[in-house]
Amino acid sequence: MKRKYKFTKLIAPLLCTTLLFACSNAEEESSSGTSTATEVNIESLSTLADSDIQSVVSGLVSYSDDDLYTDWENEDVTSIQLNGSTATYEGSGAVVVSGSTVTIKAGGVYVLSGTLDDGQIVVDAEDNNTVRLVLNGVDITSSSSAPIYVKNAEKTVISLPEETENTITDGTQYAYDDAEAEEPNSAIFSKGNLTINGEGKLVVEANFNNGITGKDDLKITGGNIEVTAKDDAIVGRDLLAIKEGTFTITAGGDGMKTTNDEDAEKGNLVIEAGTYSITAENDGIQAQTSLYTLGGDYTITTGGGSPETVAANENAMGGRGQSESTTTTTTTETSSSKGLKATAELAIAGGAFAIDSLDDAVHSNGNVLVEAGELTIATGDDGIHADSSVLTKGGNITITKSYEGIEGSVIAIADGTLDVTASDDGLNVGGGVDGSGMDMESSTSSDMMLQISGGYVSVNSQGDGLDSNGNFVMTGGTAVVSGPTNSGNGSLDYNGTFEISGGLLIAAGSSGMVQASSDTSEQNGILMTYPATQSAGTLIHLEDSEGNTIATFAPEKEYSSVYISSPDLAKDSSYTLYSGGTSTGTETNGLYTDGEYSGGTKVVEFTISDVVTWLNESGVTEAQSGMGGMGGRGGGGMRGDGGTPPEGMERPDRGTAPGTDSSTTDQSTTTGDSL
């Protein structure tokens, strides 16, 4: 038997105007059979509203002419020759040499060459002009303070001429110039605005504390910069903005960060392009306020990287509130080892990221927004975590290892490709305590929403596949789930309602906690429970009475149930479900498109009878109260609010497994035609 596909991948256009959101009075509305969700503007999930990230960045950062490298040879320069224990100079600039300390007292262009064995370059300008330090091949060491110390200047620019190599090294102890503030505390330290530009190389060996610090704005527009720091490598207080450059960073603390926690409009970190290799004991890139990336290539390892295996939560019933200690990592906010981190908005509009982190790979105490880019993530905790919302409008996200793949109070997938592997939940809305110990239960279930309106989502999970402690709405896109095999979890899990009105959804996994959509859904679906566990990779093939393919899917794990919802499933129409066989189509995460299916075994032939048609090998069934059909609120399964569970089994409180295994006997009665 061979059937030709008429399958079309359902990637809906971006919903720029609406997001279905949970209604707090779900129980009252469900009794009338009406929708339990109201609409809210999807752009409300980000502080950027309907602005794109590029326009926001343009408003935050501007570059003047002196921020960009220009040739210095034709300018009026003052040349400073470093000679081991002292220095000489020529030119009209204001320079004071006292032993091994060179002090620059006014704006101008100063070209430094040579070696300073144990000394210091101090900028203490008495005018408001820019001081430009051209490092034309220097090796500057200080055993007791910052080798380059900008004590006072309107603005300082450090230029790195092409084909030069410059080394800045400090000692392990400092004699502070300002003891109360404990400053300076970095090998290159500026109390004012600092810019680094050029195409040469800058090597910073920071043995005392930080590598490069700008106490106001720190801008980098070019250069090959290598920093090894005992603590943080590159720090900007009010702003860290990088336009271009090549960075190799090894940090005992954070790789790059901003620190202003007193002004909500400052403390932003903006990266437009560049190449980054960051190894940090703590966070890789951390913004005290918001973090924005437009491009660049990033390789980030934090906390030694992700553990070899991330332990699954075998006892949890969806969500992380009960057994956080089962994960192999224990982290706190004071010893954070995250890849990308922001306190407010974390917005990605481009770039290629390879993140291997002990803690969350991408984390925001506010929102995460992904518009574009490539993210490949391995982590000991969450792949992407937001205390508020996670919104994807594009990009390709591959999470190869995680405890939970994506977590937030609201998760909205409007576009993009997501491939998630998790030892617990794949996508988790709202649940429990995150890996840093932060309580995420402050939001009520009516505030929580999982929304899929476009894009492509694939989940391979040991915990719940798609899990919402509130509501779940799907209006478009494609989503496939493989797992779990533990019957204390489900491939679909929600506490409120699940309403589907568009898109293709296939969720295969265990049957002990199986759920389907709510009966207020506009799109039909089927839920098949098998009498015995099916082997991983065994094809599930659904076709209509004319042999047209609805879906062909090979779960990546063993399964005993499958839920399929498609716009091609019509009420009162006949369909056949097959098992096994082969397909010549193109396979992505187990989902086959195009090609021909053949060689399978007919499992059941049936007619769509309701929003959810429940099936077993005997035909159409009526799900009993513990296994589904629980009205507009619960939809189908033990996790819904409504319905009475089977005799002798308490309704779970999201932390106590009922003790069933993945091959639980089907708890339904046959009412349809059997084969």
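The values are calculated or read from the model by the stated rules, or taken from the named source; none is laboratory data. On a predicted model such as this, the values are computed, not experimentally measured, just so you know. Every residue, glycine among them, receives a Cβ derived from its backbone with ideal geometry; neighbour counts consider all protein chains shown. SASA here: full protein model, heavy atoms, side chains in, ligands and nucleic acids out. Shrake-Rupley method; radii C 1.70, N 1.55, O 1.52, S 1.80 Å.
Please list, ordered by chain and number, the residues whose modelled amide H lies under 5 Å from the amide H of S487; skip anything fewer than 5 residues away on the same chain.
Amide H to amide H, under 5 Å and 5 or more residues apart or across chains, S487 pairs with S662.
Quick check on packing: order 453-464, 70-81, 418-429 by the mean number of other C-beta atoms within 10 Å, highest mean leading.
Output ranking for 453-464, 70-81, 418-429: 418-429, 453-464, 70-81.
Restrict the search to region 145-178; then list the GluC sites (Glu not before Pro) that DSSP places in a loop and that have at most 13 other Cβ atoms within 10 Å of their Cβ.
Loop-located and lightly packed - E154, E162, E163.
Taking the mean number of other Cβ atoms within 10 Å as a proxy for protection, how do you rank 127-135, 209-217, 45-53 from highest to lowest?
Per-residue mean Cβ counts within 10 Å order the peptides as 209-217, 127-135, 45-53.
Per residue, what volume in Å³ does the convex hull of the Cα atoms of region 510-626 enclose?
Expressed per residue, the convex hull around the Cα atoms of region 510-626 is 104 Å³.
Averaged per residue, what accessible area in Å² does region 192-321 show with a 1.4 Å probe, protein chains only?
Solvent-accessible surface per residue comes out at 30 Å².
Skipping prolines and chain starts, which residues have an amide H placed within reach, meaning under 5 Å, of the one on N396, given they are 5 or more residues away or on another chain?
Under 5 Å from the amide H of N396: G373, E374, L375, T417.
From the phi angles alone, apply the Karplus equation (6.51, -1.76, 1.60; θ = phi - 60°) to region 119-134 and give each ³J(HN,Hα) in whole Hz, x where the residue is Gly or Pro.
Values, residue by residue: x, 7, 9, 10, 9, 9, 6, 9, 10, 9, 8, 5, 9, 10, 9, 9 Hz.
If you filter region 256-314 for GluC sites (Glu not before Pro), then keep DSSP loop positions with at most 11 other Cβ within 10 Å, what is left?
E262, E265, E308
Give me the base-10 log of I(q)/I(0) for region 459-556 at each q in 0.10, 0.21, 0.25 Å⁻¹, Debye formula, one uniform scatterer per Cα, rounded to two decimals.
Each listed q corresponds, in turn, to -0.26, -1.17, -1.51.
When 1/r is averaged over all different Cα pairs and the result inverted, which Kirkwood radius in Å belongs to region 39-138?
For region 39-138, the Kirkwood estimate is 16.5 Å.
Excluding residues fewer than 8 places away in the same chain, name every one of the lysines whose C-alpha is closer than 26 Å to that of K401.
Cα-Cα hits under 26 Å: K257, K338, K341, K393, K557.
Could you tell me the center-to-center distance, by alpha carbons, between region 330-386 and region 128-167 in angstrom?
33 Å
Which value results for Rg/Rh of region 200-251 when Rg is the Cα radius of gyration and Rh the Kirkwood radius based on the inverse mean 1/r?
That ratio equals 0.95.
For the modelled label position 7 Å from the Cα of T47 along Cα-to-Cβ, which residues of region 259-298 have backbone nitrogen atoms closer than 16 Å?
Residues passing the 16 Å test: 259-271, 286-293.
Given +1 on the Cβ of Lys and Arg, -1 on the Cβ of Asp and Glu, and no further charges, what dipole in debye does region 109-164 carry about its Cα centre, rounded to the nearest 20?
140 debye
Each residue of region 155-170 in turn: what ³J(HN,Hα) in whole Hz from Karplus with 6.51, -1.76, 1.60 and θ = phi - 60°, glycine and Pro shown as x?
Per residue, the Karplus-derived 3J(HN,Hα) values read 7, 10, 10, 9, 9, 10, x, 4, 6, 9, 10, 10, 10, 10, 9, 10 Hz.
Starting with the highest mean, order 556-569, 184-197 by the number of other Cβ atoms within 10 Å, averaged over the residues of each peptide.
Highest to lowest by the protection proxy: 184-197, 556-569.
Taking 7 Å along the Cα-to-C-beta vector as the label spot, tell me the D118-A179 distance in nanometres, rounded to one decimal.
2.2 nm
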